[in-house]
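Remarks on the structure that follows.
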Amino acid sequence: MKHAFSRRHWGPGLRIATLCVAITVSLDVPAKELKFEEVFRVKGEPVALHYQAEFAAKGAKHQMEVWREGELRVKRRTDDEIETYAFRKSGDAEFRMSVLDMKKRIHTRIDRTNLYRIGNFTDWFDLAHGLKHPMGDYQIAKSQSPDNALKAVEPCQWYDLKQNGQTTHICWSMQNRIPLLIQTQQLVWRVSKLDRKSIPVKVFEIHDQGFVHNDANQDIERD
């Protein structure tokens with residue numbers, strides 16, 4: 001069934017999904033030692049990646065499972081309540097995103113361009129690699145494992161990202177092109193399990209029978 005929704009009726013699903021599509025690290029320190037794109041580069045990423053992670057956001061802990069097929073398809077399941085799908089053509093900056101609120105049974109569709117129009121600057125890198133490009137000036141430096149850091153599931157390199165006197169420690173996996181651990185004064189993100197096996201096509205099939213269909217693209221374009 002189809003239903004026209006105004007932006008105020010998108011519900012928590014889209015808001016949670018856009019919060020969870022990336023672990024945002026805000027950086028704003030004048031000096032630059034390394035560039036974000038050089039450190040967290042994606043060239044050579046595995047053809048397929050599947051992993052489970054836990055993360056903290058706004059004082060709450062969450063569970064996430066992610067399937068990533070190269071630069072073409074991503075599926076993220078958060079707390080078994082929100083499913084986020086993103087699809088794009090190879091090398092294309094534009095992508096299509098579907099967010100399923102499993103409790104409210106609402107399927108919201110929105111594209112990258114319209115996310116930008118409402119001030120949500122989520123990009124493919126954010127969705128597929130677990131980090132958001134910093135805004136403004138920043139500082140990145142290679143570092144050692146911080147005190148009390150957990151052991152990563154696979155080898156990774158620690159980096160310090162600094163802003164406004166705060167340091168965020170990120171252990172980046174070059175093999176998987178995702179952070180395996182993120183830590184400030186507390187644990188922010190931890191990958192607990194991963195594999196690089198081929199992903200069945202059915203994983204990316206959207207099952208929304210009986211859901212209300214909300215086309216956020218039409219709502220935004222009418223504004």
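The values are calculated or read from the model by the stated rules, or taken from the named source; none is laboratory data. Note that the coordinates shown come from a computational prediction; the quantities given were computed from them, not determined experimentally. Virtual Cβ from ideal backbone geometry, glycine too; neighbours counted across all protein chains shown.
Do we have any residue at all in region 183-198 that's among the charged types (D, E, K, R) and touching a helix residue (DSSP H, G or I) at 6+ places or on another chain (Cβ under 8 Å)? Checked region 183-198: no residue is among the charged types (D, E, K, R) and touching a helix residue (DSSP H, G or I) at 6+ places or on another chain (Cβ under 8 Å). Inside region 144-186, residues that are free of Cβ contacts under 8 Å to residues at least 40 places away in the same chain and of a type in the set (K, R) make up a count of 1. Restricting region 183-223 to residues that are of a type in the set (A, V, I, L, M) and part of a helix (DSSP H, G or I), which is farthest from Q166 (Cα to Cα)? Among them, the one singled out is V201. If you go through region 105-145 and keep only what is closer than 19 Å to V39 by Cβ and touching a Leu at 6+ places or on another chain (Cβ under 6 Å), you end up with P134, Y138, I140. For region 134-155, indicate whether the set of residues that are in contact with a Pro (Cβ under 9 Å, 6 or more places away or on another chain) and not in a loop (DSSP other than H, G, I, E, B) is non-empty. The answer is yes; a qualifying residue exists. Being closer than 27 Å to E154 by Cα and over 14 Å from the mean Cα position of the chain (by Cα) holds for only one residue in D79, D111, D92, and it is D79.
Checked against (1) modelled with pLDDT of 90 or more; (2) surrounded by 18 or more Cβ atoms within 10 Å (Cβ to Cβ), R41 passes all but condition (2).
Tell me whether region 71-78 contains one or more residues that are under 30 Å from Q186 (Cα atoms), buried (at least 17 other Cβ atoms within 10 Å of the Cβ) and not charged (D, E, K, R). The answer is yes; a qualifying residue exists. Checking each residue of region 57-77 against the condition of being at pLDDT 95 or above, over 24 Å from D160 (Cβ atoms) and of a type in the set (S, T, N, Q) gives at least one match. Please work out which residue is nearest to K132 (Cα to Cα), limiting yourself to region 168-223 and to residues that are hydroxyl-bearing (S, T, Y) and at pLDDT 95 or above. By that ranking, first place goes to S173. Just one residue in the set R76, R117 is closer than 24 Å to H207 by Cβ and of a type outside the set (V, I, T); that residue is R76. From the list D215, D123, D137, D195, pick out the single residue that is among the charged types (D, E, K, R), closer than 18 Å to M97 by Cβ and touching a residue at least 40 places away in the same chain (Cβ under 8 Å). D215 is the lone residue from the list that is among the charged types (D, E, K, R), closer than 18 Å to M97 by Cβ and touching a residue at least 40 places away in the same chain (Cβ under 8 Å). Residues in region 163-176 that are touching a strand residue (DSSP E or B) at 6+ places or on another chain (Cβ under 8 Å) and outside any strand (DSSP E or B) were compared, and the one that is surrounded by the most Cβ atoms within 10 Å (Cβ to Cβ) is N176.
Just so you know, in region 96-108 the residues that are part of a loop (DSSP other than H, G, I, E, B) and farther than 11 Å from H213 by Cβ include one that is nearest to the chain's Cα centre (by Cα), and it is M102.
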